[in-house]
Amino acid sequence: MFRFSPILLAAAALTSVSPALAQAQGNQKFENLDRIDSLVAMTVGANLGEPGGPAAPVDRRLRLAACPTTPSVEGPVFGAAMVQCAALGWRIRVPLVAGASAAASGPVPRYAAAANRFTRAAPVAAKEAVVRKGDPVQLMAGNAVFSVSRMMVADEDGAMGETIRVREDKKSSPIFAQVVQMGVVRIPAFNDF
């Protein structure tokens with residue numbers, strides 16, 4: 001009769017379990033986007049597609065580093081929920097459907113029925129500046145499904161619809177962005193936003 005040593009049995013068990021363990025650990029490299037969808041829905045109090053809820057699920061192409069803690073969700077702020085992992089420093093913006101709970105918090109972008117989900121801001125006839133040189137502005141890029149933002153400083157005055165220069169700090173090179181509303185600019189290349 002042949003007997004296996006306990007060490008051989010443990011080694012055999014580890015080799016059969018390690019591919020499954022490696023796959024489970026491999027999934028931990030990136031944030032669970034279903035968890036982000038759930039956190040946003042719980043925070044705003046409405047499900048996907050409902051008034052005040054997320055307009056669409058978080059784009060599955062995003063590869064965010066797995067947050068070691070539960071990401072924080074703030075909002076609604078300007079028609080979106082802000083999801084942030086303070087430990088790693090990433091932040092994303094999840095657009096919300098216009099509705100009662102979202103409208104109670106502040107200005108909400110209106111949604112168009114066409115393929116372009118957000119209406120563009122109409123230029124102000126008087127061309128009065130809504131962004132002044134030195135003002136902090138939120139630079140946004142994205143489309144109807146997801147968007148990202150970063151705080152910048154305006155290099156010049158700008159009215160609604162005008163393109164101005166913004167930069168992260170005095171030493172960084174400027175970026176051209178279009179004024180969308182007071183304190184918010186967007187990168188013009190993202191026409192769907």
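Rounded to the nearest 5, what % of the DSSP beta bridges within the range 129-186 are antiparallel ones?
Just about 85 percent of them are antiparallel.
Taken one residue at a time, the phi angles of the range 144-156 give Karplus couplings (6.51, -1.76, 1.60, θ = phi - 60°) of 5, 8, 8, 8, 10, 9, 8, 7, 9, 10, 6, 8, 7 Hz. Gly and Pro are set to x.
Under 5 Å from the amide H of V130 lie the amide H atoms of G158, A159, M160, each residue being 5 or more positions distant or on a separate chain, with H modelled from the backbone and absent for Pro and chain starts. Average 1/r across all pairs of distinct alpha carbons in the range 29-103, invert it, and you get the Kirkwood radius: 12.1 Å. Sequentially through the range 41-57, phi angles give Karplus couplings (6.51, -1.76, 1.60; θ = phi - 60°) of 4, 5, 5, 7, x, 8, 7, 3, x, 7, x, x, x, x, 6, 7, x Hz, Gly and Pro residues having no value and appearing as x.
Quick one: dipole size for the range 29-103, taken about the Cα centre, charges +1 on Lys/Arg Cβ and -1 on Asp/Glu Cβ, in debye to the nearest 20. Each step should come with its number before you reach the end.
On the way: 7 positive and 6 negative charges, 61 e Å.
Dipole of the range 29-103, to the nearest 20 debye: 300 debye.
Here, each number is a calculation from the coordinates, and none is a lab measurement. Owing to the predicted nature of the structure, the values given are computational and were not obtained by experimental measurement. With ideal geometry, Cβ positions are generated from the backbone for all residues, glycine too; neighbour counts draw on all protein chains shown.
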